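Taking it in order: structure first as structure tokens, then the write-up.
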Amino acid sequence: MELFWLWIPGLGSLMLAGILTLPIDQEQWLRPEDVELAESYLSMFYNLNRGDRATRRRIRSTSAVEEKIREMQNFFGLRETGHLDRDTLDVMKEPRCGVSDVENFSFYPGRPKWKNHTITYRIEKYTSDMKREDVEKSFSSALKMWSDEAPLRFIRVHHGKADIVLSFARGFHGDFFPFDGPRGVLAHAFQPGEGMGGDVHFDEDETWTVGKKGYSLFAVAAHELGHSLGLTHSRDPSAIMYPNYRSKSNTQYSLSKDDVLGIQTLYGKPTRKEETSSAPKKCDPGFSFDAAIMISDEIVFFKNRYMWMRTTKSTYWNRLRESPSSVYLPSISSHVDAAYDIPAKGVAYIFTGPKYWVVQQLKMKSQAGSIQEYGFSSRVQQVDAAVHIAENGKTVFFIGEVYYRFDERRRMMDPGFPRLIRTDWPGLPKRIDAAFKLQGSIFIFSGTKSYQYDFRKKQVVNVISANSWLGC
């Protein structure tokens with residue numbers, strides 16, 4: 001029997017035997033709770049067999065435990081000592097997902113995935129930490145990350161059966177995987193299958209938020225829904241499917257290459273058939289735009305995942321070009337919400353949900369960032385329209401019934417914003433769909449109408465139908 005000593009304040013040295021023989025760094029004095037944490041961690045996430053009480057009275061072979069520690073160290077890129085050193089214990093203490101790091105298909109054998117690419121989901125129980133609409137928005141944004149990169153469609157249902165059921169619970173909650181209170185395990189999910197398959201449970205003992213305090217529900221949901229779709233954990237720290245929660249988790253709005261490879265291995269690449277076969281009916285009386293922008297000498301209009309380009313150097317409508325937006329913006333797979341350009345820099349900024357893309361040249365790959373970098377409140381998950389006014393170096397963002405003003409030189413929001421659109425933009429509707437600047441006017445689109453706005457005089461000087469810009 002192996003023995004080891006622990007120093008416990010007030011009790012002195014105690015010789016422990018038959019609890020757990022963990023290979024430890026001899027220079028470290030570990031607390032009993034550290035040893036228990038390590039045993040529980042390796043059991044939960046690396047299939048260490050803790051055995052029954054009688055078995056645990058006997059000393060287990062240290063080689064088996066050492067092997068599990070090495071396996072865990074290898075997964076997280078730590079030095080493979082096989083000992084419970086400080087770096088290893090620190091990683092074990094980080095908040096994380098409750099799903100094992102070792103592939104385990106005991107519930108649903110094989111490589112489970114949904115056969116039907118249209119997947120339903122239902123929110124069974126909400127958290128008391130957030131408004132219901134913020135919870136719903138967090139889940140829909142998390143699902144959108146996966147549907148942007150795979151041919152998946154998510155439909156929310158309010159009653160009855162759903163493929164994925166999302167809920168918040170404490171402690172024991174009926175699935176044999178009780179939560180452990182604050183920190184530790186934040187949530188867990190089940191891989192695709194019948195019954196509980198695909199469901200996601202969040203620990204209600206955590207503090208859930210849309211901001212930086214507590215844990216970002218969007219970030220944790222994005223990870224857990226990856227499991228709901230059939231993905232396992234990734235060793236890549238930049239991946240959504242990395243098991244531990246990181247400080248940057250709440251600002252990561254795009255999948256890593258490893259995430260994309262994983263989801264496309266299961267479901268394939270997103271299809272673009274709808275874009276090419278059914279272009280929006282531009283001359284329909286109810287037609288409206290999603291976004292508009294000037295790029296070089298062309299006005300670009302966006303609707304769904306389609307775009308039209310009209311040159312300003314010709315008065316002939318036959319110079320109008322149209323195509324799926326992915327042809328000219330290969331990095332962007334979802335529909336465009338807003339866009340603006342800075343002619344002096346030769347750069348365009350495209351907004352899709354909580355992300356923005358820096359486009360320096362059409363048909364070339366572009367880089368993505370989070371709209372939070374602009375200084376928006378964490379509650380802002382989408383921009384409706386944007387336009388840059390070169391005369392004062394400001395960019396205006398329209399969101400709902402308000403607008404923000406961003407100073408491009410200082411790279412920060414001007415104080416005193418947001419303000420109501422109806423207060424400072426007389427004559428315009430209270431909600432804006434798209435905007436771009438041409439010569440001395442800002443052209444504003446709302447519903448089926450296009451408004452020519454003189455920003456110096458602060459007045460509307462002309463109103464036409466929106467699709468007149470497309471020759472209708």
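In segment 443-455, the qualifying residues are those that are surrounded by fewer than 19 Cβ atoms within 10 Å (Cβ to Cβ) and more than 33 Å from the chain's Cα centre (by Cα), and the one that is modelled with the lowest pLDDT is 455.
Condition check ((1) assigned to a loop (DSSP other than H, G, I, E, B); (2) of a type in the set (Phe, Trp, Tyr); (3) farther than 21 Å from residue 394 by Cβ) across all residues:
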{"position": "442", "(1), (2), (3)": "no, no, no"}
{"position": "451", "(1), (2), (3)": "no, yes, no"}
{"position": "460", "(1), (2), (3)": "no, no, no"}
{"position": "468", "(1), (2), (3)": "no, no, yes"}
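Put simply, of 154, 168, 172 the only residue that is closer than 26 Å to residue 381 by Cα, surrounded by fewer than 22 Cβ atoms within 10 Å (Cβ to Cβ) and at pLDDT 90 or above is 154. Within segment 375-395, being more than 28 Å from the chain's Cα centre (by Cα) and in a loop (DSSP other than H, G, I, E, B) holds for 390, 391, 392, 393. Out of everything in segment 400-421 that is out of contact with any helix residue (DSSP H, G or I) (no Cβ under 8 Å at 6 or more places or on another chain) and closer than 20 Å to residue 466 by Cβ, what residue ends up being surrounded by the most Cβ atoms within 10 Å (Cβ to Cβ)? Applying the filter and picking the extreme gives 421. Considered as a group, the residues in segment 244-257 that are assigned to a loop (DSSP other than H, G, I, E, B) and touching a Ser or Thr at 6+ places or on another chain (Cβ under 8 Å) include one that is surrounded by the fewest Cβ atoms within 10 Å (Cβ to Cβ), and that residue is 256. Of the residues making up segment 334-346, those that are open to solvent by 20 Å² or more (accessible area, probe 1.4 Å) and over 19 Å from residue 443 (Cβ atoms) are 335, 344, 345, 346. Figure legend. Inter-residue proximity from segment 141-158: first residues closer than 12 Å to residue 334 by Cβ and of a type outside the set (A, V, I, L, M), second residues open to solvent by 10 Å² or more (accessible area, probe 1.4 Å) and part of a helix (DSSP H, G or I), beta-carbon distance below 7 Å, spacing 6+ or different chains. Indicated pairs: 141/218; 149/260; 149/264. State all residues of segment 226-240 that are part of a loop (DSSP other than H, G, I, E, B) and in contact with a strand residue (DSSP E or B) (Cβ under 9 Å, 6 or more places away or on another chain); if no residue qualifies, say none. Listed by number, the residues that qualify are 229, 233, 237. With a requirement of 3 or more residues that are aliphatic (A, V, I, L, M), the strands (runs of 3 or more DSSP E) lying completely within segment 126-202 that satisfy it span 164-169, 185-189.
Tell me whether segment 90-104 contains one or more residues that are open to solvent by 80 Å² or more (accessible area, probe 1.4 Å), in contact with a Leu (Cβ under 7 Å, 6 or more places away or on another chain), under 18 Å from residue 198 (Cα atoms) and modelled with pLDDT under 95. Looking through segment 90-104, none of the residues is open to solvent by 80 Å² or more (accessible area, probe 1.4 Å), in contact with a Leu (Cβ under 7 Å, 6 or more places away or on another chain), under 18 Å from residue 198 (Cα atoms) and modelled with pLDDT under 95. Entry remark, segment 356-388: residues being surrounded by fewer than 18 Cβ atoms within 10 Å (Cβ to Cβ) and at pLDDT 85 or above number 4 in total.
The values are calculated or read from the model by the stated rules, or taken from the named source; none is laboratory data. Please read these numbers as outputs of a predicted model, since none were measured by experiment. Heads up, the Cβs are rebuilt from the backbone with ideal geometry, glycines too, and the neighbour counts pull from every protein chain shown. Surface accessibility is based on the protein's heavy atoms, side chains included, excluding ligands, DNA and RNA. Shrake-Rupley method; radii C 1.70, N 1.55, O 1.52, S 1.80 Å.
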